[in-house]
Each structure stands twice: as C-alpha cells, then as structure tokens.
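One structure is given below, encoded as structure tokens.
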Protein chains: 2
Amino acid sequence: MGVRAGIIVTGTEVLTGRVSDRNGPWLAEQLRQLGVDVGQIVVVGDRPDDLLAALAFLGHGNDLVITSGGLGPTADDLTAAIVAQAQGRPVRFDADLEQRIAAIVERLSARLGGTRSAEATASGTRKQAMVPEGATVLEPAGTAPGLVVAVAEGRIGPPVIVLPGPPWELQQMWPAAVAAPDVAALLAGVPELRQHTLRLWGLPESELAATLRRVEPDLTGLEITTCLAAGELEVVTRYAPDAQDALQRLTDAVRTDFPTQLFSDDGSTVDEQIAAALIARGWHLAVAESATGGALSARLSGRDGSGAYLSGGLAVTTDDALTSIAAVPWDTIAAAGPVSPAVAHAMADGARTRFGADVGIGVSGIDAGSGARPGTRTTSVHLCVITPDGQRARSFTTSAAPATLRQLVAPAALHLLRQLLSPLPAAGSSTGRT
Amino acid sequence: MGVRAGIIVTGTEVLTGRVSDRNGPWLAEQLRQLGVDVGQIVVVGDRPDDLLAALAFLGHGNDLVITSGGLGPTADDLTAAIVAQAQGRPVRFDADLEQRIAAIVERLSARLGGTRSAEATASGTRKQAMVPEGATVLEPAGTAPGLVVAVAEGRIGPPVIVLPGPPWELQQMWPAAVAAPDVAALLAGVPELRQHTLRLWGLPESELAATLRRVEPDLTGLEITTCLAAGELEVVTRYAPDAQDALQRLTDAVRTDFPTQLFSDDGSTVDEQIAAALIARGWHLAVAESATGGALSARLSGRDGSGAYLSGGLAVTTDDALTSIAAVPWDTIAAAGPVSPAVAHAMADGARTRFGADVGIGVSGIDAGSGARPGTRTTSVHLCVITPDGQRARSFTTSAAPATLRQLVAPAALHLLRQLLSPLPAAGSSTGRT
C-alpha cells in the first residue's frame, strides 16, 4: 500500500530538552501532504552508536528515512559520516562544495564581526564538504549542505534524506530533497492521504469517547485520534478518499451528540474564526491583560494579517498601571479589588477606549510576576468581552502553575469572544477538509 | 557504568505535529538529575505494532524504559495493554482502581457540566482499570493511573514506567514512579552526572568550533554539545565529578578566545541576568513594541517574580496607537517614518513615561499583522533601550518569517538591555554548575 517514512532528529540539545524539536512535526506534516505515512520520530544524541542503531531501527518497515541535525562544523556533528556508514558508502571530499561553503562562512563571519581568520574555520568547512559517494548534494541554505543517500548497490534499505538542524535551513532545503531522483521516484504515484479535524470546546474526553465507541462500526477506513489541549478537544481523522462517507457519519454523530461544544468542522481554529468574524463586521479588537502579561496580545498579533482587526494590547499588572494605562477607575479597584469581575469589565472597556476599538477583552488575575508559587494557592481569573452588540463574562479558579495558567486563559478568552461573535455551527453545514 | 534509559512518547497527535511533546524533554532532565543517561526518545502513533517495535528497540541497551501517553479512556489509548504484552504479563481487571477512577470522572464531568450519565463513560473507566499482573499502580493525578511493569519471570529486559500524556499529570506522578520498588532498586547508588552551561552572544558557531578543536586534547571526560538558538550559542557539558578540572580548562579557553561574547558561565540566562541587575538597582522596566506584538512583554512577564521589576507593556502597531498609547510624537513619525530608529527611541521613552518606569525598551518594526509574507520583502527592526544611565540602540534587517522574527527580536532586545545594565563577565570568576 502507501509509502511509509521514519524521521530521526539528532542532537543532544534536543534529547536533553534544552531545545524543543520543531523539525520532526514539520517534516511529518510535509510528508502527510505528499501522501506519506510517518511511523516514528526518533530523537538521539550526538553519539555515533545511537545514530547507527536508530538508522537500523527505522530502516526496517519504512520506505524512506529522514534525518535532521548534525551537519554543522563542530566535532559533535557527525550525521553525514554515520549515514554514509549505514548505507555502505565511502565518504569523499568535494572540493567545489568546500569552496561554496567557505564563501558562505566568510560572508556570515564578516556580518557578525568575526574575529577569526578564514584558516581558523577551514577545518570545519572541510568537514562539511565530506560527501558519501554517489549521494545527491542539496545546496546549503545556511552553511551546511544536505544529502540524499541511497544504499550501496547489493544492499537493501530505504534512501536517507540528510537535512540540517536549524528549522529555517531545513525548510528551505526540503523542496530540493523531494525533487532528488531517489525520493521523486519513491513518491511518484503515491495515493492521497486526507486529514480532517473536528474541534470541540468545554467537553470531557470521556464523553466524546462514549460517542466514538457507539458509532465505531460505521467508521471503517478512518484512523481517528482525539487529543485534549488547553481545554480544546481535537478529533483528527486520516483517511483515503474512498472513506469520505464514513467521515461524514463521524461528523454527523459528533454534531448530534455535542451541538453546542462542536465549534469547528472545517479545520478552522478559534483564532481563524475570530479573525473572520471581526473582519466581516469591520470591527477592531483591543486587549488589556494582567493574568497573561502580554501573552494573549502576542497570540492575537502573531497571525498574518491581524493588523486588519487588531488594534493592540496593554499588559498591566500594577494598580497604578490599571488606572493610568488601562483606564480602570480607582473606585472600581477599591470596591471590588484588583482581581475581580468588575476590573475585568473595566479593563475590556478601557482597552476599547484607549485604542478606539470596537471590541475589548479584559483579563484580570494574578500573573506569574507576582511570585505566587504553583500549588500554594488557588488563583482566580476573570474574563470579560465587550462588543457593540453585547458582553459576556466568565470567571474560574485554578491551581495551575503560572506558565500553564497562560495556556488555559488565552483560549478561554478567545472562546468567550467567539461565542459572542458567531452563531453556533449550522446543523446542515458540509464536512470540509484541512 | 551508569544507568541508561529510553523514552517512548505515544500519540498520533504528537507524531503528526499537532501537539508538540513536552514530556520527553522533561523526563530527560529529571533522569539526568538522577544520574541516568537518556539514549533515545521515540515518538510513535497510536498503533499497536509501532509501539511494540519501539518497546523492543529501546529494550536493548537500556536499563529502564519510560512511556508517556495512551492511557486515556478512548479506543486509541492502548499503551497499558501493549506494555503488558511486551513484558509478557497478562492483564487483570482491578475493581478497586475502577471505583477510584469512576469517582474522579464523576467529579470532573459535574464540573464541566457534563450531559452524559455515568454509564455512558463506564466502559472507558473499566478500560483504564485493566492492569498488567504484578505491576505497581501509580495513583491517577487526572483520571489515568500510571504503571511500573517489570518483565515476567524468566524473561530479560528493563522495567517499563507507564505514565499519562498530559504533562501536568505526568509530572505529578513522577515521584511515585521513581519510588516504585523496581525503579528505586535500579537507581540506588547511581553516580552523579553533572551538567554545565556556557552561553555566548554574537558569535558564529564555526569560530567556537575552532576553539573546541584546539583544546580538545585537554578535555578528557567531558561530553560537550554546542547549540545555536535564536542567536545565542550554548555550550553544554556533561561530566562526572572527577572531570571538574577539564571543565575549568574548557571554560578558560572559551573566555580567553571570546571575552566579550561569553555572557554566562554559571548557567544563568539573559532573562535571569536582566532580572538580577534591575532588582539590584531598584529599577522598573516597561516595554513598547510593534514588531513583536506583545511577545517581548509576555516573555518578560512570564518569569516568576517579574512583578518586582516589570511595570508592563504596550503592544502598538498602528500610527494612531503609537502616538495615543505609546506617546510617540506625530512629528517623529512624520519625519522618520513609523518603522525607524527615531520611533524606537520615542517608544522606549514613551514606555518609561506612560508607566513611570526607569528603563524603557522600544521595538519598532513591521509585525506579522501587517500581512507581509516571508521572503517577499526584507524587514527592518529597530531596537532602543533607555536607562537612567544611558541608552543603546541597534538596527538590523531580516527576511525571516514573522514567527521567526519574534524569536530573533526578543533576545536581541534583551541582550541590548543586558549590555547596558551589566559589566562584562569578570575574567577571574569561577566556574559554576547548573
């Protein structure tokens, strides 16, 4: 049937958690779009034996293996040499490639005000120009070239795509990797693998599980996974085009059982729904937040094109700033306390006034900055959304750590705004595709 | 020699990149503190064969295997059953455990305003109460119990710790997992494994590599990894206590070659250094940002205790908001343009004025919200920091995508502030430990 791939992420910094891997997930999604099913992602440190063992492990049962990382100039970067060994190919020095890398390093070093001569970095460059015999070289996006390395003749195993670790370099190089002859031949004629997402808000996973069990016999051909993240429940289905009817039955069952909790059946996120609703009304949004210290504003402004509906944000934690910056009346703070529904309302109102916006969100609560420790106390969070059409408020308490609190509060605020902006999904809307 | 562990993260949502894994890195760091070396992290989807293959792979060469995820009530949660199979143990129903889980689910469902009867979720609860014979049950932190499962008698292989996927639940359960008899016996007498971090700013990795190659013969007993992330270069060394002298030689060599770029040799981050310097001076900091839309403010306020030195932040993208909120004079915008060094200066000044703060940071640039697409244009970013003692500015251009831009700009602003606040590291300071 389909083509299956395994991914290896190298780097002790990833294995030990100092850097969180972005390449594995990115590659998995690219491969899915090409119809390739990803079986495993393996993270290993910069140790030859561990990388060799991972290559052997993924070489069984996969049609393609992709590595990221370990192509730099330092001694702990050893992926190219190990992949060559695993594929049974000797390594050769590529003088032309060395010249190209040296030119890149020189430009980079000059820009950063480098203090070293070209000779000092030459052995690193020479190392990066050592290429497995017969491999396809992928031109550097940073300083490191990538590779596509097929197994040596007479051996059996999948080709290995060798990519650099920095996400930007890896992503730049990906089209060339896919176009390399060994990879292109593998991908030719691979059937489509579709993915569809339902999103629900305010539902325990156990209730969804009961629904899925009930309709399971009708869902042949669907690979369904559910996932609870920051209060949202995602139901992601992967399927071949001929299972489209089964997908419709799944969607209908979820809509019937959870009509108010299902907020997305076309792949759209709450962020996208809010953006569309604000643009449709020609409204601008402003935020004033204490409990989230700018995180809600950063999430909203991080979307491409948010300038069309987002006016800005105020991160205010002190009582002084609440009044002087967010226009919360002293009387309100005195009467209700700085963390209160009344202050959340005044913040939403203040954000509208200060920015001249149509819609305001106020988030009142204790921020991480207060030094409150997780577990030592219960924190109250008060949310308020005001639009020209009305307002909506919600309060809740949590004993979550400050960092977790932010991950809970931002979606809660966005869903409050969504509920105020948009009608519930219509029962007859069709099942889209992400 | 030491104890070595492998980690398995299960879940199609992680494998496909919809959720980024936080458990692998967290577990790796916990294990390091216990002196346990982590060899691999393997991510697999919710497929029995893949999980079995991963257990077999990690069962070789490791003394301990830890899984996270796949303990929920839905059908795709199958870790407990598969681990039982891999360890050669039959699964038994634990009636007492079922009662405890049912009580938790009932409370949770009531809190979320659940619409289903207890019977509807009962089969999920029964599934979660199926336990491998002879396993140690770790009490649920959410609804899912964890397990420690040794291999069946007569077989060979490491014990497997089975933990739930939600990071909070996993972390709550970890102490009980470490205390379980099979694990405690393994960890008894494991020698210490130390870790030390050097951090540099404004240096190409290739120059650092040249230094490391030169002093390599003097560094026996050190496992050194270097990593470039958002402009910072990290040198992390893992070592046994008897290699302390070699670590000192490494630190001295890096300090000698890069005296201005080395900003941390005691594990401290730029965020921590800024916090300490501001607290020592009794200064408060305020931010006005356009290019980063609240992300710099969110990063600063996310630190525990930041309330002691952070006044707040203004996320302003429109010309109107620049003047009305951040107090940037119209004349400045008209003369220099809204994205300019002069506006960055006025924003830093405006943030100080508006919040009554001692220190201001201004970040002027095009935000993601403008709809500018990556690659289509070069973006200019202008940074300015003003303190009672002086000011410092920096401008740069980048063609990075908006999300990447934020990851570059925030550290650049923080290092600008650091350079203004703190003297360079003294040449004689001792080597600390993280």
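The values are calculated or read from the model by the stated rules, or taken from the named source; none is laboratory data. Keep in mind it's a predicted model, so treat the numbers as computed, not measured. For neighbour counting, all protein chains shown are included, and Cβ atoms are generated from backbone atoms with ideal geometry for every residue, glycine included. Ligands, DNA and RNA are stripped out before the accessible areas are found, and what is left, the full protein with its side chains, is counted by its heavy atoms. Shrake-Rupley method; radii C 1.70, N 1.55, O 1.52, S 1.80 Å.
The figures follow:
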item: Scaled radius of gyration (Cα, divided by 2.2 N^0.38 Å) that the range B:1-109 gives; result: 1.17
item: Charge dipole of the protein assembly as shown about the Cα centre (unit charges at C-beta), most positive-ward option of B:102, B:314, A:301; result: B:314
item: Peptide B:313-325, shielding by other chains (average Cβ, 10 Å cutoff); result: 6
item: Coarse-grained scattering of the range A:174-297 at q = 0.09, 0.11, 0.20 Å⁻¹, given as base-10 log I(q)/I(0) from a Debye sum over alpha-carbon atoms; result: -0.41, -0.58, -1.08
item: Label point distance in nm, residue A:178-residue B:319, each placed 7 Å from Cα along Cα→Cβ; result: 4.1 nm
item: Test item: A:55-62 mean partner chain Cβ contacts at 10 Å; result: 2
item: For chain A: accessible area per residue (Å², 1.4 Å); result: 38 Å²
item: Long-range HN-HN contacts of residue B:8 with modeled amide H, under 5 Å; result: B:42, B:66, B:67, B:68
item: Relative pair counts by distance (%), Cα atoms of the range A:224-344, 10 Å bins; result: 11, 28, 26, 22, 9, 4, 0
item: Neighbourhood net charge (10 Å Cβ-Cβ; Lys/Arg +1, Asp/Glu -1) for residue A:41; result: -2
item: Backbone HN-Hα couplings from phi across the range A:35-41 [Karplus 6.51/-1.76/1.60, Hz, Gly and Pro as x]; result: x, 9, 8, 9, x, 8, 10
item: Pairwise FRET efficiency - residue B:107 versus residue A:394, Cβ, R0 = 22 Å, nearest 0.05; result: 0.60
item: Placed amide H near residue A:35: partners under 5 Å, 5+ positions off or other chain; result: A:193
item: FRET E, pair residue A:52, residue A:126, Förster distance 22 Å, beta-carbon r, rounded to 0.05; result: 0.40
item: Area of residue A:19 that stays accessible when all protein chains are in place (1.4 Å probe, Å², to 10); result: 40 Å²
item: Table column - 3J(HN,Hα) (Hz), the range A:383-393, Karplus curve with 6.51, -1.76, 1.60, x for Gly and Pro; result: 10, 8, 10, 10, 10, x, 8, x, 9, 8, 9
item: Nearest-10 value in Å² for the accessible area of residue A:197, using the 1.4 Å probe; result: 10 Å²
item: Relative contact order [Cα under 8 Å, 6+ residues apart], the range B:138-222, whole percent; result: 21 percent
item: Prolate/oblate/rounded label for the range B:77-213 (Cα gyration tensor, a/c 1.5); result: oblate
item: Set of the range A:283-321 residues, backbone N closer than 20 Å to the point 7 Å along the Cα-Cβ line of residue A:331; result: A:319-321
item: Surface share of carbon and sulfur [accessible, 1.4 angstrom probe, percent] for the range B:43-96; result: 54 percent
item: DSSP beta bridge pairing in the protein assembly as shown, given as percent antiparallel to the nearest 5; result: 65 percent
item: For residue A:353, inter-copy label distances in nm, listed shortest first [label point 7 Å out on the Cα-Cβ vector]; result: 2.1
item: Residue of A:238, A:47, A:418 that the Gaussian network model of chain A assigns the largest fluctuation, springs spanning Cα pairs under 10 Å; result: A:47
item: Hydrodynamic radius (Kirkwood) for the range B:122-202, which is based on Cα pairs only, to one decimal in Å; result: 15.0 Å
item: Debye, to nearest 20: dipole size of the range B:258-385, +1 on Lys, Arg Cβ, -1 on Asp, Glu Cβ; result: 180 debye
item: Within a Gaussian network of chain B (alpha carbon springs, distance under 10 Å), most fluctuating of B:275, B:84, B:103; result: B:103
item: Cα-based shape type of chain B, given that a ≥ b ≥ c are square roots of the gyration tensor eigenvalues and the cut on a/c is 1.5; result: oblate
item: Compactness of the protein assembly as shown - radius of gyration and Dmax, Cα, Å; result: 27.5, 83
item: Per-q log10 I(q)/I(0), the range B:193-254, q = 0.14, 0.15, 0.17, 0.28 Å⁻¹ (Debye; single scatterer per alpha-carbon; no solvent); result: -0.36, -0.41, -0.53, -1.27
item: Mean Cβ count within 10 Å, highest first, over the residues of peptides A:139-145, B:68-74; result: B:68-74, A:139-145
item: Amide hydrogen neighbours beyond the local backbone of residue A:229, cut-off 5 Å, H modeled; result: A:234
item: Contact order normalised by residue count of chain B, Cα under 8 Å, 6+ apart, percent; result: 11 percent
item: Whole-number percent relative contact order across the range A:212-297, with pairs defined as alpha carbons under 8 Å at least 6 apart; result: 19 percent
item: Shielding of B:223-232 by partner chains, average beta-carbon count, 10 Å; result: 6
item: Residue-by-residue Karplus 3J(HN,Hα) for the range B:66-71, coefficients 6.51, -1.76, 1.60, Hz, glycine and proline x; result: 10, 10, 10, x, x, 10
item: Computed E for residue A:133/residue B:60 - FRET, C-beta separation, R0 35 angstrom, nearest 0.05; result: 0.70
